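The values are calculated or read from the model by the stated rules, or taken from the named source; none is laboratory data. None of these values were measured; they are calculated from a predicted model. Glycine also receives a Cβ, built like all others from the backbone with ideal geometry; neighbour counts cover every protein chain displayed. These accessible areas exclude ligands, DNA and RNA; they are computed on the full protein's heavy atoms, side chains included. Shrake-Rupley method; radii C 1.70, N 1.55, O 1.52, S 1.80 Å.
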Amino acid sequence: MLKNDTNQLSIWETGGTESTEPLAARMRPRDLDEFAGQRHLIGEGRILTRLIEQDRVPSMIFWGPPGVGKTTLAEIIASRTKAQFIRFSAVTSGIKEIRNVMQQADQFARFGERTIVFIDEIHRFNKAQQDAFLPFVEKGSITLIGATTENPSFEVNGALLSRCKVFVLKALETEDILALLRRAVKDPRGFGNERLDITEEMLGMIAAFANGDARNALTTLDMVVMNGERDEDGVIRITEDTLEQCISKKSLLYDKNGEEHYNLISALHKSMRNSDPDAAVYWLARMLEAGEDPLYIARRVARFASEDVGLADPQALPLAIAAYQACHFIGMPECSVHLTEAVVYLSLAPKSNAMESAYFAARDDALKELAEPVPLHIRNAPTSLMKDLGYGEGYRYAHDYEDKLTTMECLPEHLRGRKYYRPTDQGTERRFRERKEQIERWKEEHRRQEKNAQEAAKR
């Protein structure tokens, strides 16, 4: 049991302004020593630590889910840098404001002063707004730091993105969040001045409920403490009932140790594979109601569409992608019906794993033969030198032939005859199997005819 025994007044009793600030804001790390997670980037000898400590940060994009430290890293850079540090909000800043600040940065640069511009939620800037930064990044007038929860490949202009280093921030581990919560309980910026009675198990439940989001965890702890029961000795006691009122009981059971997350997505996947729509919808609901990201489920559903259905029903993948887009546009709770439609459809669709089997079989050969040259006759020959070297010689253009087929070999010589795609007789894939067999028979017959013709010509 964690207790903070102190005779100091409660932060709620001091009348100070500190109590009005959310716990997540009060506990924002002030330096890299307090920063949690992102061990692939932060820590002794790690790249971001070196760049920040040396005050040599390049233009860069922090990409990751909410509550993993993107803005915190910018705050730490702001406190450490000797450069001018300017914050922009993608929600409130317009083109005129951007250009005015960029012109000031240009003037600073002429006197040898650096300017770092931080843009939170950079994906919310439109193309024109992003373009306004580009010339100043190009000539080095500013160092741009952007933070985004969206894939920068799609949300940041290509020209701007090419001039930035992208750092991928990951959802925090449960242990990282648990450490933050322990610190919040003991630190005077948090509840260190309180006499707080909360168990380690309860902190673990909050950490698991946060699902990798530090801000979510601290906000939940703040709510739990505010709703705690203060006894006559001034101790704030957190009961299980208080905790369950702040976070749903089912959420507490979800991803408690990181394992349940994978157990549930496995249950969903295997229920669909077993053509059990009722079970699949149940596991879908379990995940969504526990707070799972609908886009994560939609990505797994899209994978299933090709891995377990494939060409047995070619409409499976378009429907799964449509469900993903609906989730992206609408979000929870409305998008639950779109995921349900996709999950039921895929559960009832005919099944084939021929796509996955084909790729894995081809992958095994490809890994063994990475240096295998492409046959000359199927290489492009854009220059006369390439033509002189035999590139494209003997290539047969299928559209020039009556059956739109040729006997030309496209695999490397020692792999000829390999069969990777083995269609099943499930659903629509039966037609693909019949077509593939028809093509193979045609090629076998015409290769025999060509061989006989060649032998006859030699006589």
Next on the checklist: I'm trying to understand the selection: among the residues of region 304-325, which are hydrophobic (A, V, I, L, M, F, W, C), over 16 Å from Leu264 (Cα atoms), open to solvent by less than 20 Å² (accessible area, probe 1.4 Å) and out of contact with any Phe, Trp or Tyr (no Cβ under 8 Å at 6 or more places or on another chain)?
Outcome noted: Ala305, Val309, Ala312, Ala323
Checklist entry - Is it true that Arg39 is at pLDDT 85 or above, surrounded by fewer than 18 Cβ atoms within 10 Å (Cβ to Cβ), under 28 Å from Met202 (Cβ atoms) and within 28 Å of the chain's Cα centre (by Cα)? => result yes
Checklist entry - Taking into account only those residues within region 202-234 that are under 28 Å from the mean Cα position of the chain (by Cα) and part of a loop (DSSP other than H, G, I, E, B), which is surrounded by the fewest Cβ atoms within 10 Å (Cβ to Cβ)? => result Asp213
Next on the checklist: Any residue that is surrounded by 13 or more Cβ atoms within 10 Å (Cβ to Cβ), at pLDDT 85 or above and part of a helix (DSSP H, G or I) - is there at least one of those in region 53-69?
Outcome noted: no
Next on the checklist: Can you pull out every residue in region 383-438 that is surrounded by 14 or more Cβ atoms within 10 Å (Cβ to Cβ) and farther than 30 Å from Val309 by Cβ?
Outcome noted: Met386, Tyr391, Gly392, Tyr395, Thr406, Thr407, Met408, Glu409, Pro412
Checklist entry - open to solvent by 20 Å² or more (accessible area, probe 1.4 Å), small (Gly, Ala, Ser) and under 24 Å from Phe209 (Cα atoms) - does that describe any residue in region 293-303? => result no
Item to check | Filter pass, Ile95 being in contact with a strand residue (DSSP E or B) (Cβ under 6 Å, 6 or more places away or on another chain) and β-branched (Val, Ile, Thr) | outcome: no
Item to check | Residues satisfying the stated conditions in region 329-382, i.e. open to solvent by 60 Å² or more (accessible area, probe 1.4 Å), over 30 Å from Leu295 (Cβ atoms) and not in a loop (DSSP other than H, G, I, E, B) | outcome: Asp364, Leu367, Lys368, Leu376
Item to check | So Leu180, is it part of a helix (DSSP H, G or I) and closer than 30 Å to Arg237 by Cα | outcome: yes
Item to check | Where Tyr391 falls short, out of the listed (1) touching a residue at least 24 places away in the same chain (Cβ under 8 Å); (2) touching a Leu at 6+ places or on another chain (Cβ under 9 Å); (3) aromatic (Phe, Trp, Tyr) | outcome: (1)
Next on the checklist: Given the condition open to solvent by 20 Å² or more (accessible area, probe 1.4 Å), touching a Pro at 6+ places or on another chain (Cβ under 8 Å) and under 27 Å from Ala83 (Cα atoms), answer yes or no: does some residue in region 122-138 qualify?
Outcome noted: yes
Item to check | Residue list for region 235-282, restricted to those being open to solvent by less than 20 Å² (accessible area, probe 1.4 Å), of a type outside the set (Val, Ile, Thr), closer than 30 Å to Asp197 by Cα and modelled with pLDDT of 80 or more | outcome: Leu243
